[in-house]
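Participant: Got a structure for you, written out below as structure tokens; questions coming shortly.
What follows draws every value from the coordinates through simple rules; no lab data is involved. Keep in mind that this is a model prediction, so the values were computed, not measured. With ideal geometry, Cβ positions are generated from the backbone for all residues, glycine too; neighbour counts draw on all protein chains shown.
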Amino acid sequence: MLARIARRQQPWDLVIIGGGATGAGIAVDAASRGYSVALLEQSDFGKGTSSRSTKLVHGGVRYLQQGNVTLVKEGLQERSRLRRNAPHLVHSLPLIIPAYDWWERPWYGTGLKVYDLLAGRAEFGRSRIVSREETMRTLPTLQPDHLKGGVLYHDGQFDDARLLIHLMWTASEHGASVLNHAPVSGLSKNTAGAIDGVVAQDLESGRELRLPARVVVNATGAFADQVRQLANAGSERMIAPSQGTHIVLPRRFLPGDTAVMVPRVGDGRVMFAIPWRGHTLVGTTDTPIAAVSLDPRPLDEEINALLSTVGRYLRQPPSRSDVLSVFTGIRPLVSAKPTHVTAALSRDHTIEVDPSGLITTTGGKWTTYRRMAEDTVDRAVVAGGLPQRPSATASLHVHGYDADAARHRHLSTYGADAPEINALVIQDSTLAEPLHPDLPSIGAEVVWAARFEMARTVEDVLARRVRALFLNARAAVAMAPRVAALLGRELGRDEAWQRSQVASFGAIAESYIL
Ligand SMILES: Cc1cc2nc3c(=O)[nH]c(=O)nc-3n(C[C@H](O)[C@H](O)[C@H](O)COP(=O)(O)OP(=O)(O)OC[C@H]3O[C@@H](n4cnc5c(N)ncnc54)[C@H](O)[C@@H]3O)c2cc1C
């Protein structure tokens, strides 16, 4: 990727700042239309919010409660597209809303019929009212006292960081150059004051990178204001950041394949308890914060709130000592309506084109990343005077496309790449060993991540390639020395590098451990 970037003399059609869902989607959309694209991520792909979501591909039952039918419909349409284009990464997830009051089953049952209707074809499965017996059979750990039954419905579930890696790969297969560990620190302007490039740094070599561009897109999520201020020091803030925390518990708290959804807890939030990769994911909170950070920390009151809320719905309430991992992501909520917004405002994403030509895309959700990307590239084509070409992503397969990925068992999210990971094991049988007895990840995945998925650090592997940090942070810390050794061998790094990697990973993991 570095060589591709260094070789290019002419301006790129698009340079994208930020390697989360928004940036990756834009890179895929623009590259597959045939534009020349470079994407720069300051840390690793998905280091920001895009690896820290609830991992639901959904229309948003919450928006339905608010009566925002257009948003729900758009989310449901994207939900279907994503499952069709990336069946190895998205599957249907049954969820039950437990009913403890007499009115809840007819009320939520009717709402979810509307959800079904808006979804159109029943690709994910129809909703239905379920009896108390069926609810308890499906969710045996649920609190049975006063339970009247429930409403069963379906949404999509996906692995956020893995989808992101596959999107980066898709973009690169269409010719995009995507680079991680390369922060953008400046924007260059021509004599007329229009932005004509970015200045970045390759963190590994320390070298400066200068990329001339016809259009620069700011897809930095919660960091959007910092980049907007590089373009225009006086620009008003647009993001009101708020953080959301999840806890991960052992599978015994929610055995089976069905999730629990509580539409209204205390302050009006939604609570999910979801089976995820052999564990139970519980979230989320919504806490306004003053400043954004790449490593947001969970607050004690968030953890207490999650434990007490989920505890009310389970026969055996979990305690702090049951928490295997805790992680926090920042919602890039758009506070003030920016002055230069040009996109349709019925959406929950915002696209701003400022007088210098900088395009900022923010808000939205993972589910609608493709739609956000299409809208952004349409704007970029106009702003940069690029030749008009229609978006092709509505039916574009994501790298690793495999309609029967479940047969790859714990390697299913790799889709069509899974046999190649198994082939590494045939060459070197030590790579078949699990990296930890409590998690299924094997050494071959580390080698694969280093060779083909641009993993450069122990954190890149354990947080966003094999997800160990998010599933069981103590196990991830125990895995770090072996991962450092494998990575060191692949990347030609010495033992001092390996030791410092283990130390810095340990420091990051601290905030994931209670
Ligand atoms: C708690 C929580 C739960 C959520 N759950 C869901 C869900 O279940 N389903 C759903 O559809 N959506 C969900 N969302 C929303 C979804 O996760 C976000 O909308 C999405 O991830 C935002 O992606 P992004 O690319 O805009 O931002 P980010 O993922 O934050 O990416 C921005 C990137 O820009 C990089 N960057 C910043 N500055 C620079 C710079 N100067 N140079 C280079 N790179 C830079 C950052 O390092 C970062 O990686 C959730 C959000 C939160 C907070």
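Participant: Which number do you get for Rg(Cα) / (2.2 N^0.38 Å) in the stretch 140-246?
Facilitator: Output field value: 1.66.
Participant: For the stretch 226-280, take the alpha-carbon Rg, divide it by the Kirkwood Rh, and send me Rg/Rh. All intermediate terms of the calculation are to be shown ahead of the outcome.
Facilitator: Working: Rg = 18.7 Å, Rh = 14.6 Å.
Ratio value, two decimals: 1.28.
Participant: If you average the alpha carbon positions of the stretch 481-514 and of the stretch 361-395, how far apart do those two centres end up, in angstrom?
Facilitator: The distance from the Cα centre of the stretch 481-514 to that of the stretch 361-395 comes to 37 Å.
Participant: Follow-up question, since we're still on this one. Using only the Cα atoms of the stretch 214-362, construct the convex hull and provide its projected area averaged over every direction, in square nanometres to one decimal.
Facilitator: On the way: hull surface 44.0 nm².
Reported value for the Cα convex hull: 11.0 nm².
Participant: When Rg is the radius of gyration of the Cα atoms in the stretch 381-514 and Rh is its Kirkwood radius, what does Rg/Rh come to?
Facilitator: 1.09
Participant: Follow-up question, since we're still on this one. Two decimals is fine: what is log10 I(q)/I(0) at q = 0.17, 0.19 Å⁻¹ for the stretch 43-92, from a Debye sum with one equal scatterer on every Cα and no solvent?
Facilitator: -0.63, -0.75
Participant: Something else now. When the gyration tensor of the chain is built from Cα positions, what are the square roots of 5 times its three eigenvalues, in whole Å, from largest to smallest?
Facilitator: Each semi-axis is √(5λ); the values are 36, 29, 21 Å.
Participant: Calculate the dipole size of the stretch 102-243 relative to its Cα centre from +1 charges on Lys and Arg beta carbons and -1 charges on Asp and Glu beta carbons; express the result in debye to the nearest 20. Present the calculation step by step, with values, prior to reporting the outcome.
Facilitator: On the way: 15 positive and 16 negative charges, 76 e Å.
Computed charge dipole of the stretch 102-243: roughly 360 debye.
Participant: Cα extents of the stretch 80-131 along the three principal axes, largest first, in whole Å?
Facilitator: That works out to 40, 19, 13 Å along the principal axes.
Participant: Taking the alpha-carbon distance from Lys365 and a cut-off under 16 Å, which aspartates and glutamates remain once sequence neighbours fewer than 8 residues away in the same chain are dropped?
Facilitator: Partners found: Glu74, Glu78, Asp155, Asp159, Asp160, Asp286, Asp348, Glu374, Asp375.
Participant: With the convex hull built on the Cα atoms of the stretch 283-437, state its orientation-averaged projected area in nm².
Facilitator: With the hull built on Cα positions only, its mean projection is 15.7 nm².
Participant: Treat every Asp and Glu Cβ in the chain as -1 and every Lys and Arg Cβ as +1, leave all other atoms uncharged, and give the resulting dipole magnitude about the Cα centre to the nearest 20 debye.
Facilitator: Working: 57 positive and 52 negative charges, 165 e Å.
The calculated dipole for the chain is roughly 800 debye.
Participant: Size of the dipole of the stretch 91-141 about the Cα centre, Lys and Arg at +1 and Asp and Glu at -1 on the beta carbon, nothing else charged, in debye to 20?
Facilitator: 120
Participant: So, one more: Using Cβ contacts closer than 10 Å as the measure, can you line up His397, His88 from fewest to most?
Facilitator: His397, His88
Participant: Taking only the Cα atoms of the stretch 5-90, how large is their convex hull per residue, in Å³?
Facilitator: Hull volume normalised by residue count: 136 Å³.
Participant: In the P(r) worked out for the stretch 187-245, what percent of Cα pairs fall beyond 18 Å?
Facilitator: 47
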